[in-house]
Amino acid sequence: MNMTIIITTIDDFKKACQLAKKILNNRLAACISIIPCIKSIYWWKNKLEEAEEHLLMIKTSEKQREALMKFIEKNHPYEVPEIVEVKIGDVFERYLQWVIEETSK
């Protein structure tokens, strides 16, 4: 088994923390790092938009990846949330085991 990182962004820090805690309380991830105040520039409904957002880097097992993506979609405040999987190559073995253990409870 391996691990993966799912990333998403949210425009409100409090909402980012709330989503992170919901994900962790459901054991869909072992750890979530929130990187505050990134600048996002994107197309939305034929208009170029700019927003300050907060990036969530969600570390999870491959086993939980699909459930996590569905959970984010259901619980995210955006109409179309960013949900991107970053495939991970080599991972420090003890860290990988910790991620797998924490998402298997």
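Read-outs throughout are calculated quantities, based only on the coordinates presented, and are distinct from any laboratory measurement. Remember, it's a predicted structure, so these values are computed and weren't measured experimentally. Using ideal geometry, Cβ is built from the backbone for each residue, glycine included, and neighbour counts are taken over all protein chains shown.
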Please work out how much length the chain gains when fully extended from I35 to K70, using 0.36 nm per residue of separation minus the C-alpha to C-alpha distance, in nm with one decimal. 10.4 nm
Extending each Cα 7 Å along its Cβ direction at Y42 and M1, get the distance between those two points in nm, one decimal. 3.0 nm
The aspartates and glutamates whose Cα lies under 18 Å from the Cα of K15, excluding any fewer than 8 residues away in the same chain, are E52, E53, E73, E79, E82
Identify all aspartates and glutamates with a Cα-Cα distance to K87 below 12 Å; exclude those on the same chain that are fewer than 8 residues away in sequence. E62
Check the straight Cα-Cα distances from K47 and name the lysines below 24 Å, setting aside those fewer than 8 residues away within the same chain. K39
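For the chain, what is the relative contact order in percent, using Cα pairs closer than 8 Å and at least 6 residues apart in sequence?
Relative contact order, the chain: 42 percent.
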Once both axes come from the Cα atoms, what is the angle between helix 13-25 and the longest principal axis of the chain, in degrees from 0 to 90, rounded to 10? 30 degrees
Any chance you could run the full-extension gain for I88 through Q18? It's 0.36 nm times the residue separation minus the Cα-Cα distance, nm to one decimal. 22.6 nm
